[in-house]
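Trainee: First the structure, which I've put down as structure tokens, then a few questions once you've had a look.
What follows draws every value from the coordinates through simple rules; no lab data is involved. Predicted, not measured: the structure shown is a model, and the values here were computed from it. Counting neighbours? That spans all protein chains shown, and the Cβs are built from the backbone with ideal geometry, glycine included.
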Ligand code: LHQ
């Protein structure tokens with residue numbers, strides 16, 4: 001698939017996916033959802049990709065669903081079907097990808113654009129970034145995973161406030177609430193987020209993928225189940241080449257050269 005609404009580049013183990021419809025603040029139309037899903041499939045399949053870096057071109061990360069595209073649909077357009085066939089699969093492609101996903105939030109992330117941010121594993125925000133659960137402004141409820149992901153990140157009270165009020169949350173407040181990992185000066189965002197992504201890509205990415213799976217699963221399991229699941233996944237990590245490399249490097253007092261296998 002050739003892409004018209006996203007940019008896709010791989011370098012140094014990092015696949016950079018840039019949402020690229022800047023005139024509409026990178027709002028998602030059907031084509032952009034499909035291209036992003038295809039890009040994530042490539043990331044999953046390629047051994048050259050050990051980390052994904054998401055960002056937006058222009059002044060926004062993403063303004064969410066393209067509302068102009070929605071308004072031009074016929075009256076029997078089903079939002080539920082649209083979500084099930086598009087965004088739900090996109091969000092699961094991000095959260096089930098067993099590779100770290102970093103979002104470099106370069107500007108406003110609204111509606112489903114905010115949900116996509118929340119589905120990343122690490123969020124680095126420009127000081128110009130803001131987060132808007134814009135759904136209620138158009139009479140909708142949070143979707144594309146926001147009810148689940150946002151509540152787990154910031155708790156019910158703040159999630160409800162964001163969803164009901166739909167006010168922009170600044171980067172500094174987002175940091176204070178645990179919604180982002182770091183806030184950086186706008187002009188340093190590309191460099192700093194790329195450094196995070198490269199560092200993750202050089203890490204024990206097999207283990208980073210397994211821990212992502214375990215962390216998501218822990219949200220819906222008992223402690224006893226989590227302990228059992230950890231022991232299964234640790235069995236896998238413990239048989240990896242990376243564990244041997246890590247162990248030998250520790251004994252030799254060297255930096256490990258992890259391969260992600
Ligand atoms: C846009 C959009 C946009 C199209 C800005 N669409 N053009 C899922 C399934 C199905 C149905 C519905 O929804 C969903 C999930 C959702 O995502 S619902 C939530 C959808 N998103 C929103 O409600 C956010 C709408 N946008 C805004 O509130 C503002 O644009 C924000 C606060 C993001 C930015 O405000 P400003 O910085 O003042 O920019 P602007 O409003 O002037 O926008 C710049 C341009 O981008 C403008 O186009 P124009 O031709 O006039 O220059 C906007 O129309 C366009 N744009 N968001 N979602």
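Trainee: With a Förster radius of 25 Å, plug the Cβ-Cβ distance of residue 176 and residue 223 into 1/(1 + (r/R0)^6) and report the FRET value to the nearest 0.05.
Mentor: 0.30
Trainee: How far apart, in nanometres, would the label points at residue 241 and residue 78 be if each is projected 7 angstrom from Cα along the Cα-to-Cβ direction?
Mentor: 4.7 nm
Trainee: So what's the gap between the Cα centers of the stretch 148-211 and the stretch 59-103, to the nearest angstrom?
Mentor: Spelled out, the Cα-based centre of one part sits 19 Å from the other.
Trainee: Between residue 167 and residue 69, what is the label-point separation in nm under the 7 Å Cα-to-beta-carbon projection?
Mentor: Spacing of the two 7 Å Cα→Cβ label points: 3.2 nm.
Trainee: Test of understanding: ordering 117, 43 by Cβ neighbours within 10 Å, fewest first, what list do you get?
Mentor: Fewest-to-most Cβ neighbours within 10 Å comes out as 43, 117.
Trainee: What is the extension gain from residue 9 to residue 45, computed as 0.36 nm multiplied by their sequence separation minus the C-alpha to C-alpha distance, in nm to one decimal?
Mentor: 11.5 nm
Trainee: Is the shape of the chain rounded, prolate or oblate, going by the alpha carbon gyration tensor and its root eigenvalues a ≥ b ≥ c, with a/c under 1.5 for rounded and a/b larger than b/c for prolate? Mind showing how you got there, number by number?
Mentor: Values: a/c = 1.69, a/b = 1.55, b/c = 1.09.
It comes out prolate by the Cα gyration axes.
Trainee: Separate question: For residue 140 and residue 85, calculate 0.36 nm times their separation in residues minus their Cα-Cα distance, and state this gained length in nm to one decimal.
Mentor: Here the segment from residue 140 to residue 85 would lengthen by 18.0 nm.
Trainee: Sorted by packing (mean other beta-carbon atoms within 10 Å per residue), highest first, where do 92-100, 105-113 land? Display every interim value, and only then the final one.
Mentor: Working: 92-100: 18.9, 105-113: 27.2.
Taking the mean over residues of other Cβ atoms within 10 Å, the ranking is 105-113, 92-100.
Trainee: Still on this structure, I have one more. Find the relative contact order for the chain and round it to a whole percent, using C-alpha pairs within less than 8 Å whose residues are 6+ positions apart.
Mentor: Values: 477 pairs, mean separation 44.0, N = 261.
Computed over the chain, the figure is 17 percent.
Trainee: From the Cα gyration tensor of the stretch 107-261, with a ≥ b ≥ c the square roots of its eigenvalues, which class applies: rounded if a/c is under 1.5, or else prolate if a/b is larger than b/c, or else oblate?
Mentor: Cα axes put the stretch 107-261 in the oblate bin.
Trainee: Using Cβ counts within 10 Å as a stand-in for footprinting exposure, how do 54, 153 rank, fewest first?
Mentor: Ranking 54, 153 by Cβ neighbours within 10 Å, fewest first, gives 153, 54.
Trainee: So what is the relative contact order of the stretch 145-261, in percent, for Cα pairs below 8 Å that sit 6 or more residues apart?
Mentor: 22 percent
Trainee: When ranked by the protection proxy of mean other Cβ atoms within 10 Å per residue, highest first, what sequence do the peptides 45-53, 253-261 form? Before the final figure, lay out the partial values.
Mentor: Details: 45-53: 19.2, 253-261: 13.6.
With the highest mean Cβ count within 10 Å placed first, the list reads 45-53, 253-261.
Trainee: Order these by the 10 Å Cβ neighbour count, fewest first: 216, 87.
Mentor: Numbers: 216 16, 87 22.
Result, fewest neighbours first: 216, 87.
Trainee: Considering only the chain, what is the antiparallel percent among its DSSP beta bridges, to the nearest 5?
Mentor: That works out to approximately 25 percent antiparallel.
Trainee: While we're here: Shape call for the stretch 55-170 from the C-alpha gyration tensor, a ≥ b ≥ c root eigenvalues: rounded (a/c under 1.5), prolate (a/b greater than b/c) or oblate? Kindly include the intermediate steps, with their values, before the conclusion.
Mentor: Details: a/c = 1.39, a/b = 1.26, b/c = 1.10.
Verdict is rounded for the stretch 55-170.
Trainee: Using 0.36 nm per residue of separation minus the Cα-Cα distance, give me the extension gain between residue 234 and residue 160 in nm, one decimal.
Mentor: Separation in residues times 0.36 nm, less the Cα-Cα distance, equals 23.0 nm.
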